[in-house]
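The values are calculated or read from the model by the stated rules, or taken from the named source; none is laboratory data. Note that the coordinates shown come from a computational prediction; the quantities given were computed from them, not determined experimentally. Methodologically, a virtual Cβ is constructed for each residue, glycine included, from the backbone with ideal geometry; neighbour enumeration extends over all protein chains shown. All accessible areas refer to the heavy atoms of the entire protein, side chains included, with ligands and DNA or RNA removed. Shrake-Rupley method; radii C 1.70, N 1.55, O 1.52, S 1.80 Å.
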Amino acid sequence: MRDPCREAALANLPLPFCVYVLFSHKDLHLYVGFTTHLAQRLDDHGRGHVPSTASRRPLRLVYCEYHASN
């Protein structure tokens, strides 16, 4: 099945405002965040550069929703 959020993230395209949900395979909880650059933010999470999720890795993107930035 086609996943536009993942395709945009992998293509490293500039994105509008995005609300996203990550699933932690470690604690089985969700994390909700927002960004204007999804690919960079997912990379930050994956490398442990986000304090609120660093100890909860590995993480998987399970949802994202785009919104106008204003």
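For the reader, a short list of remarks on this structure follows.
- Across the protein chains, with a 1.4 Å probe defining accessible surface, the residues Asp44, Asp27 rank Asp27, Asp44 from largest area downward.
- Each Lys or Arg adds one and each Asp or Glu takes one away; over the other residues whose Cβ falls under 13 Å from the Cβ of Leu59, this sums to +3.
- Loop trypsin sites (Lys or Arg not before Pro), region 41-70 (other Cβ atoms within 10 Å of the site Cβ: 10 or fewer; DSSP): Arg47
- Counting Lys and Arg as +1 and Asp and Glu as -1 over every other residue whose Cβ lies under 11 Å from the Cβ of Asp27, the net charge comes to +3.
- Length gained on full extension, Leu28 to Arg60: 10.4 nm, using 0.36 nm per residue less the C-alpha separation.
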